[in-house]
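Working notes, structure below.
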Amino acid sequence: MYHFVAAFLVLLLGLVIGSFANTLIHRLPRRLSIVRPGSYCPHCETPLTADEKIPVLSFLTLGGRCSHCKEKISPRYPLVELGNALGWLGVFFRFGFSFESVVGCLLFTGLLAAALIDVEHGIIPNGLTVGLLMIGFAASFYPFGLGPLDSLLGVLVGGGLLLIFALLGKLIFKREAMGGGDLKLLAAAGAFVGWREVLLAAFIAVVLGAIVGGVRWAVTGERELPFGPFLAVGAMTAYLAGGIILDWYLSL
């Protein structure tokens, strides 16, 4: 019973913070304040009432439309809220009620926002990557945390590794192969996981990106592909199971 109640509370909090993630996704790439004004319709900009701010439920009761201008609301909003809640639940099941869970949940929300902003706008805002980096580095000072030195090395290795990839890509393909936002996102992830796990995160991202990019090129002929979502998957995998994966690999 205790675990059921705890999981339910984590799910509810994940839904609420998922709503904030939607604010980040909408406002950061437009360089708008994430504090003021309060939530509003993205079409008519009418402020939302309290009963229109309930995660997921408001979208369903309103039929996916703004109650004021009747324009369709993107299904991205409830999907992000639900996705964030399920992600938080996954972190909770991995670490239980612990400091690692709190940090992991913050990392998940930041990575989710970064991935979707990159998909929609082709950028990863500095405010998001720098904010994540600061949270990760601050968390490393916790007595049972990663440790400031490992966190700093994770930042340097993560950012430096992608910089090398970017330079090689530009040399080989004669064009930008990776954006600065990608570099900063992996550096921020390194602050959470350390230098060993950030190498794993980069490896996972590159492999997944190559597979998906290759399939997309074969099917559509398109070469451009946002790398942020793959970095997000790699970083979260490294946080949740990086030590387990590396120990298994080194034992082979």
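Every number here is computed from the coordinates shown, using simple stated rules; none is lab data. What you are looking at is a predicted structure, and each value in this text was computed from that prediction instead of being measured. Quick reminder, even Gly has a Cβ in these numbers, built from the backbone with ideal geometry, and neighbours come from all protein chains shown.
Please list, ordered by chain and number, the residues whose modelled amide H lies under 5 Å from the amide H of I124; skip anything fewer than 5 residues away on the same chain.
Residues meeting the criterion, in which the H sits 1.01 Å from N, are G181.
Mind checking the dipole of region 125-252: about its Cα centre, +1 per Lys or Arg Cβ, -1 per Asp or Glu Cβ, Debye to the nearest 20?
Here region 125-252 has a charge dipole of around 320 debye.
Can you sort D182, D247 by how many other beta carbons sit within 10 Å, fewest first?
Values: D182 25, D247 9.
By the 10 Å Cβ count, ascending, the order reads D247, D182.
Place the peptides 124-132, 231-239 in order of packing, highest mean first, counting for every residue the other Cβ atoms within 10 Å and averaging per peptide.
On the way: 124-132: 19.6, 231-239: 25.6.
Ranking the peptides 124-132, 231-239 by packing returns 231-239, 124-132.
Sorted by mean Cβ packing within 10 Å, highest first, what order do the peptides 31-44, 11-24, 102-115 take?
The most tightly packed comes first, giving 102-115, 11-24, 31-44.
Check R65: other-chain or 5+ apart residues with amide H under 5 Å from its amide H, H built from backbone geometry?
HN-HN under 5 Å from R65: I73.
Got a sec? Charge dipole of the chain, +1 on Cβ for Lys and Arg, -1 for Asp and Glu; which of C41, G18, A201 is way out at the positive end?
Positive-end residue among those listed: C41.
Return the calculated 222 nm mean residue ellipticity for the chain, to the nearest 500 deg cm²/dmol, obtained by summing -39500 (n - 2.57) across DSSP H runs with n ≥ 4 and dividing by the residue count.
When only DSSP H runs of four or more count, the value is -24500 deg cm²/dmol.
Report the percentage of all Cα-Cα pairs in region 1-149 whose separation exceeds 24 Å, rounded to a whole percent.
39
Could you work out the equivalent-ellipsoid semi-axes for region 42-82, taking the square root of 5 times each eigenvalue of the Cα gyration tensor, largest first, in whole Å?
Working: eigenvalues 46, 26, 17 Å².
For region 42-82, the ellipsoid semi-axes come out as 15, 11, 9 Å.
Using θ = phi - 60° and the Karplus curve 6.51 cos²θ - 1.76 cosθ + 1.60, what whole-Hz ³J(HN,Hα) does each residue of region 146-163 get, with Gly and Pro shown as x?
For region 146-163, the Karplus curve yields 5, x, x, 5, 4, 5, 5, 5, x, 4, 5, 5, x, x, x, 5, 5, 4 Hz.
Run the dipole for the chain about the Cα centre, Lys and Arg Cβ at +1, Asp and Glu Cβ at -1, nothing else charged, and hand back the magnitude in debye, nearest 20.
The dipole magnitude comes to about 500 debye.
Starting from the Cα coordinates of region 125-252, work out the convex hull volume and express it per residue in Å³.
In region 125-252, the Cα convex hull volume per residue is 112 Å³.
Just how far, in whole angstrom, is region 30-61 from region 133-160 if you go by their alpha carbon centroids?
34
Report the dimensions of the chain along its three principal axes from the alpha-carbon atoms, largest first, rounded to Å.
The principal-axis extents, from largest down, are 56, 50, 33 Å.
Sum up the charges of everything whose Cβ sits under 14 Å from the Cβ of L250, counting Lys and Arg as +1 and Asp and Glu as -1, but leave L250 out.
Here the charged neighbours net out to -1.
Where the only charges are on Cβ atoms (+1 Lys, Arg; -1 Asp, Glu), what is the dipole of region 17-162 about its Cα centre, to the nearest 20 debye?
Value, rounded to 20: 320 debye.
Pairs of lysine in the chain with Cα under 28 Å and at least 8 positions apart or on different chains: total?
Close lysine pairs found across the chain: 4.
Name the residue farthest towards the positive end of the dipole of region 125-252 from the options L128, F144, G181, assuming +1 on Cβ of Lys and Arg, -1 on Cβ of Asp and Glu, about the Cα centre.
Of the candidates, G181 comes out farthest on the positive side.
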